[in-house]
Amino acid sequence: MIRYCIEPVSPEAHLFDLEMQIEQPEISGQLLALPAWIPGSYMIRDFARNIVTLSAFCNGVSLKVEKQDKQTWKCSPCNGVLIIHYQVYAWDLSVRGAHLDQTHGYFNGASVFLRAVGKEKERCQVEIRPPRRGCCGDWRLATTLRPAGAKIHGFGCYQAEGYEELIDHPVEMGTFSLAAFEVSGVPHEIAISGRHAADMGRLCRDLRRICKHHVRFFGGIPPMRRYLFQVMATGDGYGGLEHRSSTSLLCKRDDLPLAGDDEIGADYRRFLGLCSHEYFHLWNVKRIRPAVFKQADLSHEVHTGLLWAFEGITSYYDDLALVRAGLIEPESYLELLAQVITRVTRGSGQLKQTLEASSFDAWTKFYKQDENAPNAIVSYYTKGALAALALDITIRTRTGGRISLDDVMVGLWEAYGKTDTGVQEGDIEALAARISGLDLDGFFDLVLRSVEPLPIKQLLGEVGVGCGFRPATSGTDEGGIRKTDGLTTAQGAVLGVRCGSEGEAVRLLQVFDDGAAQASGLAAGDIIVAVDGIRVPPAALERMIARKSPGVTVTIHAFRRDELMTFKVVPKPPPSNVCELWLLETSESGIKEARKAWLHQAV
């Protein structure tokens, strides 16, 4: 058995103390390693950089420890129990690492638990200790680690069958709010840390509907003792990471519902969509998973061209589940879908990077985006969701509504999830063709291996949804439902940039392909000083350019580095790249039935 002990020894300094005991270390010297990345987030994060001190002992005698590389250590041979003492700096307020202060503590196992190389299959026991100081005396725990003597929500001993299980159960400690509900006989909890005024009863009711929908979709819940929604509410945050029986979520406190508010506004809808996304991952990613992610080497990148399916398909079903579960109306779902289409179509990266390449290069491109990202890459989340939509409607229309992507997902669960068989490249394409009885080679070549635009407008028409594109009305216009009068006011002249404030100045954050700014030579990082001799206040650039006439040259002064430069810019009309959707009024019963089947309410 590998034993660990972790203690929030210094919340004010953000330090966890850890001790690791290896009963039978390797006779030639035990190797220790910390993951460089965490499953579900495909970027090298080098968690070992947060280890502040590390020392080793055996029989009370200090041992020599030599560092082998950035994340691996080798202890001198010893005859007896090897004890490792180390400290981890925890100041990453995200769903991926570790965070500790006087208000709460949180850690993902991948960021704090050293791995005894060669002993990954050995059972693990973890003692989680409370803070020693009085300010945290009322703290408790929220985790799905299996108790080994600890009481539920209490500090004490927990266990795991091996290292992979150990790092798949994050731990939250503090004075969080807690509420519970049940789905298919399995207890579900939601624990919210951070200041908030959420209606916990309503959260439980709404989350239960989402969870019931997903369970019914797949025909049953995966084996687990309990499930946990672990939420950190902040002033401004968003993110989630899936685990085998829990999820860690980061949200704005304004995303949470207040007592007495029965509406589902855009903020709360976003939070429910995030919860839906991570819960769907219980099946798609955590159990139906690429073969290369089974016992993946966490010391370096593990590439796959399948992320479009595991994240994109999940992104398709997360919001669709909200309307199918009866939480939102079809128009509300179409608003969300229009925003996804807009995000894909307004970036020229969709014309340069295929979905398979986007999946494969997630490590170096999607997770390391720079100022040129919209011009160079496409998201396997958003375009992957549109690929799933296209596949779903294609199967539905070509089989006369007998088969859908729903059937393919259930087939994946039966063939790969329940049997714990890793999905190889091409397996999903073959299964979709087999279940539907269709020749889908051309479809997948178009969607996955080309940069041709997807025929979204045509496909949505097959299910009674109109689709159109118009110019943006402002820099924050993301698209949505078409206005009933069909009238919108275009933004006016634009530069083709995304900008932000820097003190009292305006900095260009991104310069888009084929825009007026790029044509003039303006670049990301430039500080805009004046337009036609008038100083540009923060957040005023868009408004000042909108007042200009498209095609008429304006003079822009900007600092690049410490040099003042002059640019002659010819603003353009805004491109028609904002999507709007609407429910078609049709007398064709086949289209009405197709739309009803697609947006059916399953609960």
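Go over the candidates ALA472, ALA523, ALA490 one by one and state the one that is within 30 Å of the chain's Cα centre (by Cα) and at pLDDT below 95.
Numbers: ALA523 fails: at pLDDT below 95; ALA490 fails: within 30 Å of the chain's Cα centre (by Cα).
Exactly one of ALA472, ALA523, ALA490 is within 30 Å of the chain's Cα centre (by Cα) and at pLDDT below 95, namely ALA472.
Is it true that some residue in region 205-224 is modelled with pLDDT of 95 or more, of a type in the set (A, V, I, L, M) and surrounded by fewer than 17 Cβ atoms within 10 Å (Cβ to Cβ)? Steps first, please.
Kept after step one, since they are modelled with pLDDT of 95 or more, are these residues of region 205-224: 205-224.
Still in the list and also of a type in the set (A, V, I, L, M): 207, 210, 215, 221, 224.
Applying the additional criterion that residues be surrounded by fewer than 17 Cβ atoms within 10 Å (Cβ to Cβ) yields 224.
Yes - at least one qualifying residue is present in region 205-224.
If a residue must be over 15 Å from ASN108 (Cα atoms), crowded, with 16+ Cβ neighbours inside 10 Å and either of a type in the set (A, V, I, L, M) or touching a Leu at 6+ places or on another chain (Cβ under 7 Å) (or both), how many such residues does region 154-180 contain?
Of the residues in region 154-180, 2 are over 15 Å from ASN108 (Cα atoms), crowded, with 16+ Cβ neighbours inside 10 Å and either of a type in the set (A, V, I, L, M) or touching a Leu at 6+ places or on another chain (Cβ under 7 Å) (or both).
Take region 115-132 and flag every residue that is buried (at least 20 other Cβ atoms within 10 Å of the Cβ) and out of contact with any helix residue (DSSP H, G or I) (no Cβ under 9 Å at 6 or more places or on another chain).
Result: ILE128, single match.
Yes or no: region 213-223 includes at least one residue that is within 19 Å of the chain's Cα centre (by Cα) and not in a loop (DSSP other than H, G, I, E, B). Talk me through it step by step, then tell me what you get.
Just the residues of region 213-223 that are within 19 Å of the chain's Cα centre (by Cα), to begin with: 214.
Still in the running and not in a loop (DSSP other than H, G, I, E, B): 214.
Yes, because at least one residue in region 213-223 is within 19 Å of the chain's Cα centre (by Cα) and not in a loop (DSSP other than H, G, I, E, B).
Kindly provide the set of residues from region 68-89 that are in contact with a helix residue (DSSP H, G or I) (Cβ under 7 Å, 6 or more places away or on another chain) and either free of Cβ contacts under 8 Å to residues at least 12 places away in the same chain or of a type in the set (Gly, Ala, Ser) (or both), ordered by number.
Step one: of region 68-89, the residues in contact with a helix residue (DSSP H, G or I) (Cβ under 7 Å, 6 or more places away or on another chain) are 70-71, 88-89.
None; the set is empty.
Among what's in region 19-50 and is of a type in the set (A, V, I, L, M) and more than 29 Å from the chain's Cα centre (by Cα), pick the residue that is nearest to VAL81 (Cα to Cα). Write out each step before concluding.
Of the residues in region 19-50, the ones of a type in the set (A, V, I, L, M) are 20, 22, 27, 31-34, 36, 38, 43-44, 48.
Those still in the list that are more than 29 Å from the chain's Cα centre (by Cα) too: 20, 22, 27, 31-32.
Values: MET20: 10, ILE22: 6, ILE27: 11, LEU31: 14, LEU32: 15 Å.
The qualifying residue nearest to VAL81 (Cα to Cα) is ILE22.
Within region 163-212, can you find the residues that are among the polar types (S, T, N, Q), without any contact (Cβ under 8 Å) to a residue 60 or more places away in the chain and not in a strand (DSSP E or B)? Can you show your working first?
Quick first cut of region 163-212, residues among the polar types (S, T, N, Q) only: 175, 177, 184, 193.
With the extra rule that they be without any contact (Cβ under 8 Å) to a residue 60 or more places away in the chain, the set shrinks to 177, 184.
Matches in region 163-212: SER184 only.
Wholly within region 375-465, which helices (runs of 4 or more DSSP H) include no fewer than the required count, namely at least 2 residues that are free of Cβ contacts under 8 Å to residues at least 60 places away in the same chain, surrounded by fewer than 23 Cβ atoms within 10 Å (Cβ to Cβ) and not basic (Lys, Arg)? Explain how you work it out, then say what you get.
Numbers: elements: 382-398, 405-412, 427-436, 441-449, 456-462.
Those helices (runs of 4 or more DSSP H) span 405-412, 427-436, 441-449.
Go through SER315, SER276, SER332 for me and flag whichever is in contact (Cβ under 8 Å) with a residue 24 or more places away in the chain, assigned to a helix (DSSP H, G or I) and touching a Phe, Trp or Tyr at 6+ places or on another chain (Cβ under 7 Å). Lay out the reasoning, then the answer.
On the way: SER276 fails: touching a Phe, Trp or Tyr at 6+ places or on another chain (Cβ under 7 Å); SER332 fails: touching a Phe, Trp or Tyr at 6+ places or on another chain (Cβ under 7 Å).
The match here is SER315.
So how many residues does region 263-272 have that are touching a residue at least 40 places away in the same chain (Cβ under 8 Å) and surrounded by fewer than 20 Cβ atoms within 10 Å (Cβ to Cβ)? Even if it seems obvious, please write down each step before you answer.
In the first step, residues of region 263-272 are kept if they are touching a residue at least 40 places away in the same chain (Cβ under 8 Å); the result is 264, 269, 272.
Among the residues that remain, those that are also surrounded by fewer than 20 Cβ atoms within 10 Å (Cβ to Cβ) are: 264.
Qualifying residue count for the region: 1.
The values are calculated or read from the model by the stated rules, or taken from the named source; none is laboratory data. Being a predicted model, the structure only gives us computed values, none of them experimental. Please note: Cβ atoms are built from the backbone with ideal geometry, for glycine as well, and neighbour counts cover all protein chains shown.
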